[in-house]
Amino acid sequence: MHFEIPEEGFVLQPNTLYLGVTLEYTETHAHVPFLEGKSSTGRLGIDIHATAGKGDVGFCNTWTLEISCAQPVRIYAGMPIGQLIYFVVEGQIETLYNKKGNAKYNGRTVRPVESMMWKNEF
């Protein structure tokens, strides 16, 4: 189910995973991006990623957030809840993420993207 956060906000509930999306579109061509929560939202009990905090060199898109909380907490559209940290890559990058043929999250998105693990070959 997709919904927009109303002007009065939305109360996140514990024991629920919410997929959100950043307003910002980012591109990285020579750095590894890491998504981290802000300390002010962490102190409210909000986590913005369960496992996917690291991006790939060549990732060009909005970020899908894996939001959960420790207690009921009200959020608002456009509320700053995360930050990106970039780490320099030393050496040659053989294949950028946006050039990989099997990259699952290459298409530009404005909504959260559900897991595409079903595309993996085991």
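Read-outs throughout are calculated quantities, based only on the coordinates presented, and are distinct from any laboratory measurement. Remember, predicted model here, so these are calculated numbers, not experimental data. Because the Cβ atoms are built from the backbone with ideal geometry, glycine has one as well, and the counts that use them run over all protein chains shown.
For L84 and N15 in one chain, what is 0.36 nm times their gap in residues minus the Cα-Cα distance, to one decimal in nm?
Value of the extension gain: 22.3 nm.
State to the nearest 20 debye the size of the charge dipole of the chain about its Cα centre, where the only charges are +1 on K and R beta carbons and -1 on D and E beta carbons.
With Lys and Arg at +1 and Asp and Glu at -1, about 100 debye.
Would you order H49, H31, H2 from fewest to most other beta-carbon atoms within 10 Å of each residue's own beta-carbon?
Ordered from fewest to most neighbouring Cβ atoms within 10 Å, H49, H31, H2 come out as H2, H31, H49.
Please compute the modelled spin-label separation between E121 and R108, points set 7 Å along Cα→Cβ, answer in nm with one decimal.
3.0 nm
Taking other Cβ within 10 Å of each residue's Cβ, how do S40, S68 sort, fewest first?
Sorted ascending by nearby Cβ count, the order is S40, S68.
If you take all C-alpha pairs in the chain, what percent of them are over 26 Å apart?
Result for the distance tail: 25 percent.
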